[in-house]
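The values are calculated or read from the model by the stated rules, or taken from the named source; none is laboratory data. None of these values were measured; they are calculated from a predicted model. Please note: Cβ atoms are built from the backbone with ideal geometry, for glycine as well, and neighbour counts cover all protein chains shown.
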Amino acid sequence: MVGTISASARPTQNAGHPALQTAKVRTGDITITASGAGNLLPASETALAFRTSGLLAQAAVKVGDRVEAGQVLARLDDADARAQVAQAEANLRLAELKLADLMAGADPAAVAAARASLAAAQADLSRLITPATAPGAVGGAGKPAQYTGGFGSPAGRP
């Protein structure tokens, strides 16, 4: 509700006394508009990158969507990565079998070589199945990247 009462004093011709003027109070809406032109800038911006290259399988958000920390933004086709994990698991199993055979009575140099081969196979498998949020995996702006491949358990088996 808006109201105004105004009074003004104006000299009149009779005896120099001011005349009072009055008005009724009215109610109504006040409308104020403003316009402008300019560029909108985001509050923050972060460059993102996948840990590996590949084909984009899914884009979970569109340009301009609001996102939260930890939200999956996109997924890569992980068929090649799954094949690499399967190959690394096979190499690990083969190295374990070779070591077991050598432990049955081989010379110390052959055992040491088999152990080194086993350690290398374990490291390869671990590198392939360790999520990108592990220490050393970096996404945009020095922050951990979000792993979305879904390889299942730490052993690499779903």
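Descriptive notes on the structure:
- If you check Ala49, Ala141 for being exposed (fewer than 15 other Cβ atoms within 10 Å of the Cβ), modelled with pLDDT under 80 and not in a loop (DSSP other than H, G, I, E, B), only one passes: Ala141.
- Sole residue being more than 18 Å from Leu48 (Cβ to Cβ) and at pLDDT below 90, chosen from Asp124, Asp78: Asp124
- Residue among Ala95, Ala109 that is surrounded by fewer than 13 Cβ atoms within 10 Å (Cβ to Cβ) and either at pLDDT 90 or above or part of a helix (DSSP H, G or I) (or both): Ala109
- Taking residues in segment 14-32 that are at negative phi, and partners anywhere that are basic (Lys, Arg) and at pLDDT 80 or above, not one pair has Cβ atoms closer than 7 Å while being at least 6 places apart or on different chains.
Okay, residues lined up against (1) at pLDDT below 80; (2) surrounded by 10 or more Cβ atoms within 10 Å (Cβ to Cβ):
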position: Val2; (1), (2): yes, no
position: Ser8; (1), (2): yes, no
position: Lys24; (1), (2): no, no
position: Ala37; (1), (2): no, no
position: Ala43; (1), (2): no, no
position: Leu56; (1), (2): no, yes
